[in-house]
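One structure is given below, encoded as structure tokens.
Laboratory data are not the source of any read-out in this text; all were calculated from the coordinates shown. Bear in mind the structure is a predicted one, so any value in this text is a computation, not a measurement. FYI the Cβ positions are ideal-geometry reconstructions off the backbone, even for glycines, and counts take in every protein chain you see.
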């Protein structure tokens, strides 16, 4: 059938079928800004304006739009001129991966055309249909408000950061103020000392709309810089805000085939027989692959350095399935519809086996054995007969002796659950043979180099015949630190000779990709009479599902993070990593630390309460400071790599300042105010404040390596090629800022390209909070080498005897005598005129250090004591990430990370029926926060200078995931007096805990 | 063998295999299309609920041209055409505050821009506070078939949606909006679908209308004294006992607020 649309103002006629969605029609005609997030309108990534109204094109039949006007961002920018809304999104730092940015821009347009002066609430409602996993909505909301002001003719708001005054938690006035004058628990809040006396920081640390860069505490010893440390706009923002084709799927090839997966309906079963004859016979089907026709090559799918941690307990297709969603077969066909149809014609005969889902049950005698295949013999699993993939043990000192000497010993068990990373762009890969008959895999991955090395043996190709291209990525958060679907498209291209595309549906992304490890964690802690830790033991059962992919290393990070925040002479980690039949846990931002810190921080609060100590005083007495050793680290490395050789020492920490600033910002003194705790007219509500101490790492020491290469162009601009993988975090921008700083040029003179295994140097990839620190140092070193060559050339051109005192700045090389030469002239001279050479350099970096960032996470809640409903009203995080190379992208990381952490703590959970089928593989039932229900959030950057980092930087990517769950537990306890040792804090769970506590009292 | 694959190469279709799309000019035409023997047809208005679940349907009948999008205000009454968009109710300053509030809770803005009042009624969600509010507003729906108009109460309609429709189309819903109202809910997050919600109205004569979400397969009208006998279906967000307990707590709250 034919339909006619006014598409971005142009009358156009399209041929379509009755069941084609508007999303597919638009993408088929090159409107790539309208994107797939689901096929049920859940994500809003496919939003368009239909007659000026924002609607989801994925649930609109193209035929429904016949005769109507459809607008997308492709119609908004004219050449280089952006629409003011697009400019505001760039200026305010509202774009991270940019996958759903076009939809948000359209939402803003609909709103501002009707409502030129919207309230924040109206803005949030306008964005409510577009789920964002990245920004926490803070900057998109600011962007819309800013765009409204500009469209009304007002000036854009200034970009000056708010500088805060340092405070000390050891200042007596400060303590009096926060604890009550008499220092007693029940005392009324103290009085704020008058202005100008010691404790003066003001009350205006509240969120103010219009202040874009985050609030700052400035370190005194930061060297002056021009590009580094500035709130530069993102280098990739224009293409993202315009919706230019940039992502894996924004790409067309003639003859493309479409792949679909057949997955297991059983949690545990043997495949007795597969018959694919009818599927193959279907017109349009080109290949069907499964265990009978694909070589059985053992591997581990986690995207990690060589050698991947063992055991290698996977094959591309097995004759056994181990969870509902496990791979059974894959089809390549002329269309997705044909491929889907073909799946129905693959006959699979299963022998169902008993299954086990809970890590506590799986290790019991008689539990079903998940890996009973003969290859497990000698494969490096600890005790597969009892479903134990790894046993991890680490001890410093002697805990038993420590407990014997302790004045008090406390023990408590905590449970953390399974959640999904939920990137709005699901996994997608496209493979094809290039002209040289090399296999090109274009894939949404965080680890292109690992993928190339890991997929090679599965496909039976040498690494040199594979090229992996990472285009823009629509979010990853760890789920794309995996070689997940690249082997499937690779096999299908090798069999058919055709390009093959595989995109997971939303349901498959939930069930058949990767998730966060559930754990059962027991802490046992001994303290002396003064409240100092003398012994601490952490016992963990980690649930790694049926495959151990990241099972070892996530759990070692749990131990490392769970036993590093507080000094303790005797500590022990005892962990079993357990196979079960749940969908596979893997890497998820935080990587074992959010689990550990929930248990640790709540446990420390419980100990403080039992000791009758103020919780902050107790934690401060024990937490690590500059100069303290992280003594468990050498015992908890990356498996066989044994990568930590010496005991690391903390070189920088702003933790005390973070806690003080957080207390001040959240008005911690209200904990002492009985008036504040109650809500007038609502006797069932109680308010509370909570906190958590956070400490993370920066890169995996002696393992994470990044390379960078820089060359000069004729006009004095530079190409910067990095293997690092910007998955929306802003690392392309941060790395460019580092290069620009060293080379004395503005940011726009750096043209960054990342990443392509043929073009860019190696990088382990985007994980472990490593990119700014590791790849950033590589960039800095490459830029420094290029700078030397430029100085040498300047000396030649200016006839100087030596060049060590030539300085680069303002796109010129300046000699000490005041003469200078432009980089453009230097480039032309060296490329064309005399002693010709390409000014270029390559460098790489690996670090023995993993300097910890620190943070204080604070939360304010309201608890309904009759229903158990918890409403989170405020989240504040004060973070020491060293020197933020870009304060806006750093704040964006914290805002987005806190929002994911809020979901983890409060409402997200994967829930199964008793057969192991996921009950909620859709947004809605699987609840992630929307723009119109977010708590107030604020970020304070507490600057320190990390001596081992580029320009003093440490990591910021993962630490925001660590503190929200324990801070909420702390706040709920503050409100109700009840500890809840299990997340998420959903109404019935909280209600049950309150009721149980109430019954215990009676 | 499956039906034909007429689609073009490279087409990516997640939708089921529809054979035809119709856009009738008026209600009469729409009803005739729906009445054809041997054709499995579905009505599409906004598409928010129907389009993702079109499996097993051969043809769709899109109602966008037949009108039925009026909001008529009377004294203590309101009549909504079935094709009134949910967002239009949110934007209607003359509509009761409660109705606007529960309409806003029907979904995020994209879904409200697309979804219609008729859609909320013929594809009822257990968690729809909008439906609960319509129930307490004593809603009467009109089902139009080729045989004529069939008025009935919304609760009667909801008791057997397919039976009530008789292959026809809901054309409008009429509400009695007088009296005082109250609404409360328990949910995981502020905009999440409720686990349990209560909506109540005390009408001009002093009679109580109470509706609950989350205690049955659909929102239902109930008398407070019947709550103890409820056997709500459980899911992971709320056991049967918890839902019953919440029904009591929330009912107490709305009654106190009336």
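Just a few scattered comments:
- When only Cα pairs below 8 angstrom with a gap of at least 6 residues are kept, segment A:1-69 shows a relative contact order of 38 percent.
- Distance distribution note for segment A:506-627: the fraction of Cα pairs above 16 angstrom is 62%.
- Cα-based Kirkwood hydrodynamic radius, segment A:772-915, one decimal, Å: 20.4
- Neighbouring Cβ atoms from other chains, within 10 Å of the Cβ of residues in A:253-261, number 2 on average.
- Taking the average, over residues, of other Cβ atoms within 10 Å as the packing measure, peptides A:84-92, A:131-139, B:146-154 rank A:131-139, A:84-92, B:146-154 from highest down.
- Protection proxy ranking, highest mean first, for peptides B:244-251, A:438-445: A:438-445, B:244-251, where packing is the per-residue count of other beta-carbon atoms within 10 Å, averaged.
- Structural descriptor for segment A:876-1000: relative contact order 39 percent, calculated from alpha carbon pairs under 8 angstrom and at least 6 residues apart.
- Value of relative contact order over segment B:21-158, rounded to a whole percent, pairs C-alpha under 8 Å and six or more apart: 20
- Simple label model, 7 Å out from Cα along Cβ direction - residue B:156 to residue A:832, nm: 8.9
- Inter-site label distance for residue A:296 and residue A:377 at 7 Å from Cα along Cβ, in nm: 1.3
- In whole percents, the pair-distance distribution calculated for segment A:659-770 from its alpha-carbon pairs, binned every 10 Å from zero, is 12, 27, 18, 13, 15, 11, 3, 0.
- Considering helices alone, the calculated mean residue ellipticity of chain A at 222 nm is -8000 deg cm²/dmol, with DSSP H runs of length four and up weighted by -39500 (n - 2.57) and normalised per residue.
- Overall Cα dimensions of the protein assembly as shown - principal axes, largest extent first, Å: 100, 78, 72
- Footprinting exposure proxy ranking of A:881, A:907, A:658, fewest other C-beta atoms within 10 angstrom first, gives A:907, A:658, A:881.
- Once the Cα-Cα distance is subtracted from the 0.36 nm per residue extended length, the residue A:113 to residue A:496 segment shows a gain of 132.8 nm.
- Inter-site label distance for residue A:995 and residue A:529 at 7 Å from Cα along Cβ, in nm: 4.5
- Among the residues of A:921-934, the average count of other protein chain beta-carbon atoms within 10 Å of the residue beta-carbon is 3.
- Taking a point 7 Å from the Cα of residue A:395 along the Cα-to-Cβ direction, the residues of segment A:618-661 with backbone N closer than 19 Å to it are A:631-637.
- With contributions of -39500 (n - 2.57) from each DSSP H run of at least four residues, the per-residue ellipticity at 222 nm computed over chain B stands at -7500 deg cm²/dmol.
- Shielding by partners, peptide A:63-69 (average Cβ within 10 angstrom, other chains): 4
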